[in-house]
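Each remark here refers to the structure printed beneath this line.
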Protein chains: 2
Amino acid sequence: MMAIDRASLIPALKNVATRLRIDSVRATSEAGSGHPTSCMSMAELTAALFFAEMRFDPNDPKNPESDRFVLSKGHAAPILYSAWAETGAFDRAELMKLREIGSDLEGHPTPRLPFVDVATGSLGQGICAAIGTALNARRIKSDYRTYVLLGDGESAEGSVWEAANVAALDKLDNLCGITDVNALGQSRPTMWEHDMGQFERRWKAFGWHAIVIDGHDLSQILDAFAEAKRTTGQPTMILARTLKGKGVSFVEGKGGWHGRPFKKGEELDSALAELERQFVHETESGPAANLAGKIPKPASKPRAVVTPKSVAAPAYSLGDLVATREAYGTALAKLADADPRVVALDADVKNSTFSDRFEKVAPERFYQNFIAEQVMVGAAMGLAARGAIPFPSTFACFLSRAADFVRMAAISNVGIKLAGSHAGVSIGEDGPSQMALEDLAMYRAEPNYTVLYPSDAVSAERLLVLMAYHPGPAYMRTSRPKTPVIYTNDDTFTIGGLKVLRESTADVAVVIGAGITVFEALKAYDQLKASGTAIRVIDLYSVAPVDRAALVAAGRATGGHLITVEDHYAAGGIGDAVAEAVADAGLTVHRLAVREIPRSGKPEELVERFGISAKHIVDAVRLNK
Amino acid sequence: MMAIDRASLIPALKNVATRLRIDSVRATSEAGSGHPTSCMSMAELTAALFFAEMRFDPNDPKNPESDRFVLSKGHAAPILYSAWAETGAFDRAELMKLREIGSDLEGHPTPRLPFVDVATGSLGQGICAAIGTALNARRIKSDYRTYVLLGDGESAEGSVWEAANVAALDKLDNLCGITDVNALGQSRPTMWEHDMGQFERRWKAFGWHAIVIDGHDLSQILDAFAEAKRTTGQPTMILARTLKGKGVSFVEGKGGWHGRPFKKGEELDSALAELERQFVHETESGPAANLAGKIPKPASKPRAVVTPKSVAAPAYSLGDLVATREAYGTALAKLADADPRVVALDADVKNSTFSDRFEKVAPERFYQNFIAEQVMVGAAMGLAARGAIPFPSTFACFLSRAADFVRMAAISNVGIKLAGSHAGVSIGEDGPSQMALEDLAMYRAEPNYTVLYPSDAVSAERLLVLMAYHPGPAYMRTSRPKTPVIYTNDDTFTIGGLKVLRESTADVAVVIGAGITVFEALKAYDQLKASGTAIRVIDLYSVAPVDRAALVAAGRATGGHLITVEDHYAAGGIGDAVAEAVADAGLTVHRLAVREIPRSGKPEELVERFGISAKHIVDAVRLNK
């Protein structure tokens, strides 16, 4: 393909930028909502990126060798859509359906569109996902580059600085950030307005190569991209001074225009007329219409289809004492060996979550984020979007640091496989700050998360493998204390399943536990049996989805008495999951759960004090009978 | 009080440091768990802070003029407790009950202890809370200073950098940070180990005065504190190079000792013997035993008791169309006028949440955090701990960015008054990234949060005032669309209450809505009435706690058919709240809720498509009847 000389390229790109502005303005006016001025500040940056910098195939956006673009400032979605329309990926007329219920051109980008890797629109997340796509290039040994465009207001998010640290530590020179410094936030000027030194000092201090440019000067933009490409051993951040609303004089650089489309009629007409006048005469060698045809295609590499090996079965003996968090680590290491797509991410707790066993097997696929949970989960989202099977893990309570990423992963429907250890009061002496007691509520709330909660080492290993290959996001909750192995190594488990551990025709109640409370239920069974009372005991290892039919059947067989017991707060956990499942059958549930803020103490003391021990189960059965 | 000369002070402080080390080592060995080596690195820093720098009264730790100390690296709790024991605040023998269920000396600090403002132990939060206590000094015009001690590993948390920005922007020269750079994390060396320039460059770039010192050199420590006090217009960060486990040669600076107490017996004895040898001969003028008696007391200022004015009643007419988010802003402005303790915190969305109305009334109590939700909520925690009544607000979905702070606020039981706007699919075209659909699950999960969800402007105003004066943390959910006023200005509301909007003796079902679904329920009522079917309609404006008795009574009066309808995902919201409340009465609930990831569209289209419209209610009533 013949290269275009700079003198011809620039006017052609300028015209693309003008067209992107016009499209963004028209689409948002048609929709009656959206952020045209946030698009207008980044029009030259977008034109240069799509039509003079990135290598990709407009007709095959998911190509594994394609450069990636993440729009971290997701509210500028219209210009992203306009750019893809300009490449020819879809008909420009579609742009006028922006934000309609029947169109995938949503208010903020989602992976309903084939060229969007992860949903953005919650600020400070795109750059974390971009780290994931950049790490993936390294994983698959591809030379594709990742570009991520941020807003300046967005730079206040802590997750941006978590990402800055990790990208520098990982020396991600295949990652290029661009910050659109338009100086205007939603409600007021941004923190540092147009003081470019504030940005430059920060990014340099965080170990990035930083380049300050005029974001409307195409020559400076092209030079900056070239400089970024030449920079080795560190990521580059291009800091582009821009004007919000650039191109329309009555909004350019003015407050009060955030998230406000031009009113149809005089206001819109006047804006469009001014933009139209900005088309420049093009030289012969660089007509804009041809730029789309000149986009360099990604390298075409033969890639072997990954055929994962089968994962070695668990190897325990009944009664062995093994914490589920440890079995998680064991299984993760086996999976590392079986499937090169599996990666693990840590936040400096690998020796507590046992993900260090993965690191020993596959250090090159083990990504250390230090104590920064947002970038850990965000990077996992980017990795998952590019075909990896990522397992980010830390203490379950600290995953809540990334709750908004968990939410956006649901919207993206990306297959991140989260694991949270140290659930519940059963961690003991460390106290409430280290106990996850609301994690099941967080994951269950999302409509497409699989939530698993093994009680023993065998189920932990089996469920981990199921989770790896189940589509979509998933969460596994593991426990700190050692618990006895109760399943045989060839026992089978399913997502959406449960295990009935004790049953008889004389059962007067069904007790449903998961994790450590399974053992409290088994103790209660023994105590009640000694006094002549039989109960059914269920291990609800799959918390979402639950096996509704089996729960209803168990409830009906036992006089309608369902008792749940969980090392979790009362709202949003296992009790609620079971209650909703059996509601339509007219069954109700008695919930044993933690109902106040706990404190430090020995695990067994806390299980007793906070109402989820065998004794409380026995009392509940006797009360219900 | 006679000042001690430096030559006498230093050996005395050195002995305090040694005693703090010994106490931390002994207490953790006795407990059998904990983090002695993380305490040992900060012994000189702690000794200097408590016995040569801070002004406070050991017997009156809550004194409003006292300097504040926040231990952001909460796992070093034993040395915090040892320091307070050393001041004479409690008997040193108590230290040996560390982590026992009967002691308030928990594994990580909580406000069960009178000298702890906010619980720490989830890293990166203490510095955000410290901003709150520093802002509070400004609010009450006190010259108390706030000190916050961080770990180096902790510095990877994005929330630390959110805090760094906000403190610099607010020119908090009454805030002094100390980073204990001991170079060892939990599982491995920290990101930058002992490269002090990495820290210095970052803090300077973020606008702080940074001082690098040897954290075991008391003279350098005292000089740094003096320099921090002299520094005006910006906060100071003291970057202290230390050794983890300092003082015991076989652990000093060595990996593998994080969170590991010395084993009783030879290991402990040898550590203690080495520490004992570090006591230095003291000069006459500075015996350590006297330092506690020489702690400068806080200024004693006469402070008038705040008597809030009554808040003006709502002033609407029935049928007025007003969004609850707007009524929130109106009421918040009235409250600003009525009570000087009320403060508001924003994350650059004040024109969407209407908190800008507060800013107009009380700009000096309006704290702008830009797009940084973690520091916004964390600062609110610090403010609340010091007597302010803080209202942090943003879009409900973006408050999930601070989910871990919400959790720690529950543990702290501090009275933060969170408000989240733009709940649910009813926001429309912006799409799922801007919709909160799991927020009720998040707040309901915490056992001590009040959760309110007004449907109209009158209830929004009334509930906001109730929330302000109700003890403990609270959350109000508001909506984007305008809804008609259905209550009269003198209607009364209670936390834990509900309103029955339609009822008759012929009701065949009870429909329970909140927020925008109240109006869908009223529409359903009208449609069903036209076909001769009567239903009861309840506005469940108090989601936590709920009025169990009224729900059970309504369910029983309508043949046991309870139907909930909510602009929220199915798990963890109103359906679950009602179901648990009525479970013991044997009643079950049919839940209408959003059950898949939504998309962009018009509000009414989305309410219809995702199953929570009047039509779906009518269908559910007909099905149940």
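Below are the figures for this structure:
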| read-out | value |
| --- | --- |
| Solvent exposure of chain B as accessible area per residue, Å², 1.4 Å probe | 30 |
| For the stretch B:436-526, Kirkwood radius (reciprocal of mean inverse C-alpha pair distance, Å) | 14.4 |
| At 0.692 mPa s and 37 °C, Stokes D of the protein assembly as shown from Kirkwood alpha-carbon radius, µm² per second | 105 |
| Highest to lowest packing among B:465-476, A:62-73, A:613-624, B:398-409, scored as the average C-beta count within 10 Å | B:398-409, A:62-73, B:465-476, A:613-624 |
| The stretch B:488-625: antiparallel DSSP beta bridges as a percent of all, rounded to 5 | 20 |
| Angstrom value of the Kirkwood radius, inverse mean 1/r, which spans all Cα pairs in the stretch B:567-616 | 11.9 |
| Environment charge at B:I221 (Cβ cut-off 12 Å; Lys +1, Arg +1, Asp -1, Glu -1) | -4 |
| C-alpha long axis of helix B:373-385 to longest principal axis of chain B, angle in ° | 70 |
| Cα gyration tensor, the stretch A:501-622 - rounded (a/c under 1.5), prolate or oblate | oblate |
| Efficiency of FRET from Cβ geometry, B:A226 and B:F250, R₀ 41 Å, rounded to 0.05 | 0.70 |
| With Cα atoms, 0 to 90° folded angle of helix B:158-169 axis to chain B main axis | 80 |
| Heavy-atom accessible surface of the stretch B:293-416: percent carbon and sulfur, 1.4 Å | 56 |
| Two-decimal ratio, the stretch B:233-274, of alpha-carbon radius of gyration to 2.2 N^0.38 Å | 1.63 |
| Where labels lie 7 Å past Cα in the beta-carbon direction, separation of B:D320 and A:Y469 in nm | 6.2 |
| Spin-label model distance (nm) - A:A557 vs A:D214, 7 Å beyond Cα toward Cβ | 7.8 |
| Semi-axes of the equivalent ellipsoid for the stretch B:1-151, Cα gyration tensor, largest first, Å | 23, 20, 14 |
| Counting all C-alpha pairs of the stretch B:332-465, share separated by more than 27 Å (%) | 12 |
| Average beta-carbon neighbours from other chains, 10 Å sphere, peptide A:159-167 | 5 |
| Efficiency of FRET between A:R138 and A:A93 - r from beta-carbon atoms, R0 30 angstrom, step 0.05 | 0.15 |
| Value of relative contact order over the stretch B:107-197, rounded to a whole percent, pairs C-alpha under 8 Å and six or more apart | 26 |
| Rg in Å to one decimal, and Dmax rounded to a whole Å, for chain A via C-alpha atoms | 27.5, 95 |
| Residue mean of other protein chain beta carbons inside 10 Å, A:597-605 | 6 |
| Per-selection Kirkwood Rh - the stretch A:282-387 (Cα, Å, 1 d.p.) | 17.2 |
| Shielded residues, the stretch A:550-576 - accessible-area loss of 40 Å² or more between chain alone and all protein chains, probe 1.4 Å | A:Y569, A:A571, A:D576 |
| Portion, in percent, of the accessible area of the stretch A:524-625 that falls on carbon or sulfur, probe 1.4 Å | 49 |
| Antiparallel %, DSSP beta bridges [both residues in the protein assembly as shown], to 5 | 15 |
| Crossing angle, helix A:126-139 versus chain A [Cα axis fit, 0-90 degrees, rounded to tens] | 80 |
| Summed buried accessible surface, chains A and B, 1.4 Å probe, nearest 100 Å² | 8200 |
| Beta bridges per DSSP with both ends in chain B, % antiparallel, nearest 5 | 15 |
| Rotation relating B and A, chain A residue nearest the axis via C-beta, angstrom | A:G158, 1 |
| Extent along principal axes [Cα atoms of the stretch A:177-271; Å; largest to smallest] | 52, 27, 16 |
| Approximate spin-label separation B:A273-B:N290, in nm, with each point projected 7 Å along Cα-to-Cβ | 3.4 |
| log10 of Debye I(q)/I(0), alpha-carbon scatterers only, for the stretch A:226-347 at 0.11 Å⁻¹ | -0.82 |
| Value of D in µm² per second that Stokes-Einstein yields for the stretch A:83-177, Kirkwood Rh from Cα pairs, at 4 °C (1.567 mPa s) | 87 |
| Theoretical ellipticity at 222 nm over chain B - DSSP helices of four or more residues, -39500 (n - 2.57) apiece, nearest 500 | -11000 deg cm²/dmol |
| Dimensions (Å) - the stretch B:477-571, Cα atoms, principal axes, largest first | 34, 33, 28 |
| Pseudo-label separations to other copies for A:K254 - Cα-to-Cβ vector, 7 Å, nm | 7.0 |
| Value of relative contact order over chain B, rounded to a whole percent, pairs C-alpha under 8 Å and six or more apart | 12 |
| Amide proton proximity set for A:T483, modelled H, under 5 Å, gap of 5+ | A:V322, A:A323, A:T324 |
| Model label zone, B:R55; criterion: amide N under 18 Å from point 7 Å along Cα-to-beta-carbon; scope the stretch B:134-153 | B:134-148 |
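The values are calculated or read from the model by the stated rules, or taken from the named source; none is laboratory data. Note that the structure is a prediction, hence the values are computed from the model and not measured. Heads up, the Cβs are rebuilt from the backbone with ideal geometry, glycines too, and the neighbour counts pull from every protein chain shown. All accessible areas refer to the heavy atoms of the entire protein, side chains included, with ligands and DNA or RNA removed. Shrake-Rupley method; radii C 1.70, N 1.55, O 1.52, S 1.80 Å.
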